[in-house]
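Just below is one structure, and these are the notes that go with it.
The values are calculated or read from the model by the stated rules, or taken from the named source; none is laboratory data. What you are looking at is a predicted structure, and each value in this text was computed from that prediction instead of being measured. With ideal geometry, Cβ positions are generated from the backbone for all residues, glycine too; neighbour counts draw on all protein chains shown. Surface areas here come from the heavy atoms of the whole protein model, side chains and all, with no ligands, DNA or RNA. Shrake-Rupley method; radii C 1.70, N 1.55, O 1.52, S 1.80 Å.
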Amino acid sequence: MVMAKLGDSVRRVEDDRLITGRGRYVDDIKLNGMLYVSLVRSPHAHALIKNVDVSAAAALPGVETVFTGADLQEQLGSLPAGWTIKDMVAPPHPPMAFEKVRVVGDAVAAVVAIDPAIAADAAQLVDVTYEVLPAIVDAEKATKPGAPQLHEESSDNVAFNWEVHGGDYATAAKSAEVVVKQRIINQRLIPNSMETRGVVADYDPGNDHLTIYTSTQIPHLMRLLFSLITGHPEHKLRVVAPDVGGAFGCKLYLYAEEVICGIIAKNLGRPVKWTEGRQENYVATTHGRDHIADVEICGNKDGTITGLNAHIYANLGAYLSTFAPGIPTVLFGLMLSGQYKIPSISCKVTGVFTNTTPVDAYRGAGRPEATHLVERMVDMFAQEIGRDPLVVRRKNFLAPFKNGKEVATGVKYDSGNYQGALNRALEIFDVKAFREEQRAARKEGKLLGVGFSTYIEICGMAPSAVAGALGAGAGLWESSTVRVHPTGKVTVLTGTSPHGQGHETSFAQIVSAELGVPMEDVDVLHGDTDRQQFGTGTFGSRSLAVGGQALMMSLKKVKDKALKIAARELDADPKMVRFEDGVYSLEDIAEKQLPFASVALAAHSALNLPPRMEPGLEETSFFDPENFTWPFGAHICVVEIDEATGETKIAKYVAVDDIGNVINPMIVDGMVHGGIAQGIGQALQEGAVYSSDGQLLTGSMLDYAVPTAEDLPSFITDRTVTPTNVNDLGAKGAGEAGTIAASPAVINAVVDALKHLGVKHIDMPLRSEHVWRTINDAKVAQRANRSVSAVKGS
Amino acid sequence: MPTTITVTVNGTTRTNEVDERLLLVQYLREVQNLTGTHIGCDTSNCGACTVHLNGKAVKSCTVFAVQADGGTVKTVEGLASNGVMHPMQAAFKEKHGLQCGFCTPGMIMTSIELLERNPNPSEAEIRRGIRGNLCRCTGYHNIVEAVKFAAAGTGGKK
Ligand code: FES
Ligand code: FES
């Protein structure tokens, strides 16, 4: 029996099934009479579809039928962008292409067969005639005259221009003593959740019920969007997210395959399954990042930063994915003040279509790009004026605050103590000792460097009205139901939809702590639209800050009602009744006690309820926060570079995060580790590469470098605690912090290791050759400089 | 061409007719209904499909089912005995060595074999030993801790 408290590292409830092979992921589901779908995908990045000949495929024994994009055109509708920017161009996005393909991987036909291998064989036999068109993959070049045009609706491939201006950057730059400019590339990443996507669709024609099992983060939103575009009534649509094998943002949308499988199941009246292959995943599931940023920072020689200006080309891929327009704008541009007091900030974002896989949220989603940019520029500014980057950071930090602080981008942080987190990190990591080590190492030809990243993040999506004003198509509140059964067991229904975050544990922990029932008596159910009330899902590190608060609200209602029932049972004034550790008692009469389970029974037996009280003990709450939450922290990375080969290793990594109050430290540490690994992955080795004609060259796990255990160190993690007042838990959100902080910490460390050679910036990823060239170029430049000054001197 | 194979999986011997091109992982998942073994890639990189074949950890997506004919396979479902978890499973739970759980069965099978070969591995040896298994959630930190913990429990040092 585990009686949990908030703040305990309770071992996870989920684990028992997951470590014994009894998890249930989409691909584990088998339904009677199920058929298998294989999709024929375009091998070209840009082409007109001239003809689709399915005859050979349809003739293969075991093939039930083959659908082309044209066959299903009417029924499939168009995938929507759920986030709107002013004057945005949102061209149609047919789930199956019927006229034109715009990216390698666009589906053009669907084969349905009795066996997945037969379906795959038949897909090879579908003969598509294409007229290949020139393609464009670079977001900046795509906007230039003469570039291939993807959509009729946009002559320059621009989907939107978005801006934010606070203060007056032009004036700040004019009066500044120093202006530093840099182009920074934030490369495209492939999310690589270890489970790819998959869909099982099951139609019951008798009552028009369609059930879709899908590997998603947003069952309710997915149901809503599916219903809106296909016309299938929402109340007769059930979406189930069973165990989901990781997502990191890439399962946050309505996807083509969900619609295709749902519609095929309806047409055939038989269940169908589609399981995404990994190479298919690389082209068919969204990518992340892909910014070209031209940045300026300005300030004075005493270290004061007075302005920041950025123009971004944000590559959106071939179509607008569900949240895509919100990521490089709101979640990026509004974050550019970081932890600093920067009086003037200007940012323009040009969102561009290219013949590449759509780009949308990937862990951190906008904030890693913003943090990378800000933290890099702060370091470059410090280097330019010859000051310690820590001194410059401290000089510009916002002073600690508890009740909100507005920054130049117009957003209001909730609470912060940036000095505190950095101080803690510097207690763990001795910079002075490191500097000595660094000097000594350099004499022996070993390059060491330390990098700092003091980051801010926006979580707790979202105050619905604010999100709506910023472009969200729907409110982003969260819901919960607490159902107390007559025996005192508790079922929690949450609108969040975990995929590794451990809500079954942390939410049960909250219930256990609040109601005094053992963990074993609490069951947290999620991810089934027939079972849970509408909820928004799990993304943006929101689940505890928003969903946890919705749970707290339901618990409070349950407790209020239960107390009244207990008072009646105890024949006492409710004011005199105490509730502690799951037991109701009276202050003065020790022998009069009532366990929570007895009150639950009394609520249901309804034999002795207070007048006019409804029987039962079940409460539902919807929580719409007043503000986002704003976690922060200070990360320190030490790198070791082999000068001869450019090979770069992480020697040490210290993370101090402030995510407010923590419910389960073990789970939080785990999320921080995983987040750091993804940030380091981006910094060191990951990157999607396209050929100029739109072929994804890093198209399989052989070519795309997902970090292995050998690529990463163990991490040192710690926390400071600055609670938020946006929710009663004081929790801010932890899922993305590591990823947001890590990449600039690594790059800043590498530049620190190389700055004696005159290196000021290096772009990710830090593949050995790239680092070696940077070192070599710097040395050549140094030598050239020396000979120039020698000539001048002579 | 269908071929008849006899394989002992988790102690039970079964004879089935399978397609020659059927992979061992598909045989386990589709024919034997043992869905604890996962498929995470199509290039033998991820290790999600790792099982023990004749006592050795193999990526079951790189083996045809027919190659397992006459052999013995152990999957994650066969680790616990009498409802008691294998020490490696218990270690993964204790040290929070999993989040979404998708890589976990393969990771556990690899880690068990690692300790069989080297009961007392250093951190570097653990990291080398599991580098063929990808995990996107944990950053490996707690997986390494779990393997250390299991090693300590089974006679190895910390
Ligand atoms: S499925 Fe990835 S290695 Fe076997
Ligand atoms: S726990 Fe999710 S991939 Fe390892």
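Condition first: open to solvent by 30 Å² or more (accessible area, probe 1.4 Å), in contact with a helix residue (DSSP H, G or I) (Cβ under 7 Å, 6 or more places away or on another chain) and under 28 Å from A:Met3 (Cβ atoms). Can you find one or more residues in segment A:699-715 that meet it? There is no residue in segment A:699-715 that is open to solvent by 30 Å² or more (accessible area, probe 1.4 Å), in contact with a helix residue (DSSP H, G or I) (Cβ under 7 Å, 6 or more places away or on another chain) and under 28 Å from A:Met3 (Cβ atoms). Looking only at residues in segment B:81-115 that are within 8 Å of chain A (Cβ to nearest Cβ) and part of a helix (DSSP H, G or I), the one that is nearest to ligand 2 (Cβ to nearest atom) is B:Thr104.
Taking the condition of being in a helix (DSSP H, G or I) and out of contact with any Phe, Trp or Tyr (no Cβ under 6 Å at 6 or more places or on another chain), how many residues in segment A:670-695 meet it? Can you show your working first?
Here is the first cut: in segment A:670-695, the residues in a helix (DSSP H, G or I) are A:670-684.
Now drop any that are not out of contact with any Phe, Trp or Tyr (no Cβ under 6 Å at 6 or more places or on another chain), which leaves A:670-672, A:674-675, A:677-684.
Counting residues in segment A:670-695 that are in a helix (DSSP H, G or I) and out of contact with any Phe, Trp or Tyr (no Cβ under 6 Å at 6 or more places or on another chain) gives 13.
Would you check if there is a residue in segment B:30-39 being facing chain A (nearest Cβ under 10 Å), touching a Phe, Trp or Tyr at 6+ places or on another chain (Cβ under 7 Å) and on the phi < 0 side of the Ramachandran plot? Before you say what the answer is, go through the steps one by one.
The initial filter retains those residues of segment B:30-39 that are facing chain A (nearest Cβ under 10 Å), namely B:30, B:33-39.
From what's left, touching a Phe, Trp or Tyr at 6+ places or on another chain (Cβ under 7 Å): B:38.
From what is left, the residues that are on the phi < 0 side of the Ramachandran plot are B:38.
Yes, segment B:30-39 has at least one match.
Residues that are basic (Lys, Arg) and not in a strand (DSSP E or B) within segment A:247-286 comprise A:Lys251, A:Lys266, A:Arg270, A:Arg278, listed in sequence order.
Of the residues A:Asp571, A:Asp560, A:Asp530, which is closer than 30 Å to A:Arg223 by Cα and surrounded by fewer than 16 Cβ atoms within 10 Å (Cβ to Cβ)? Even if it seems obvious, please write down each step before you answer.
Values: A:Asp571 fails: closer than 30 Å to A:Arg223 by Cα; A:Asp560 fails: closer than 30 Å to A:Arg223 by Cα.
After ruling out the rest, the residue left standing is A:Asp530.
One residue alone among A:Asp302, A:Asp294 is open to solvent by 10 Å² or more (accessible area, probe 1.4 Å) and part of a strand (DSSP E or B), and that residue is A:Asp294. Kindly establish whether B:Ala57 is away from ligand 2 (no atom under 16 Å from the Cβ), in contact (Cβ under 8 Å) with a residue 60 or more places away in the chain and touching a helix residue (DSSP H, G or I) at 6+ places or on another chain (Cβ under 6 Å). Criteria not met by B:Ala57.
Taking first residues from segment B:135-152 that are in the same structural domain as B:Cys103 (by TED's automatic domain parsing) and among the acidic types (Asp, Glu) and partners that are near ligand 2 (Cβ under 9 Å from one of its atoms) and open to solvent by less than 10 Å² (accessible area, probe 1.4 Å), the Cβ contacts under 9 Å between residues at least 6 apart in sequence or on separate chains come to B:Glu145/B:Gly97. Residues of segment A:402-413 that are part of a loop (DSSP other than H, G, I, E, B) and farther than 16 Å from A:Ala467 by Cα: A:Lys402, A:Asn403, A:Gly404, A:Val407, A:Ala408. Of the residues examined, A:Asp669 is not one that is of a type in the set (D, E, K, R), open to solvent by 20 Å² or more (accessible area, probe 1.4 Å), more than 8 Å from chain B (Cβ to nearest Cβ) and free of Cβ contacts under 8 Å to residues at least 60 places away in the same chain. Each residue in segment B:40-51 was checked for being within 7 Å of ligand 1 (Cβ to nearest atom) and buried (at least 24 other Cβ atoms within 10 Å of the Cβ), and 6 of them qualify.
Pick from segment A:533-557 the residues that are in contact with a Pro (Cβ under 9 Å, 6 or more places away or on another chain) and among the aliphatic types (A, V, I, L, M): which of them is surrounded by the fewest Cβ atoms within 10 Å (Cβ to Cβ)? Per the criteria, the residue is A:Ala545.
For segment A:258-281, residues that are β-branched (Val, Ile, Thr) and within 14 Å of chain B (Cβ to nearest Cβ) total 1.
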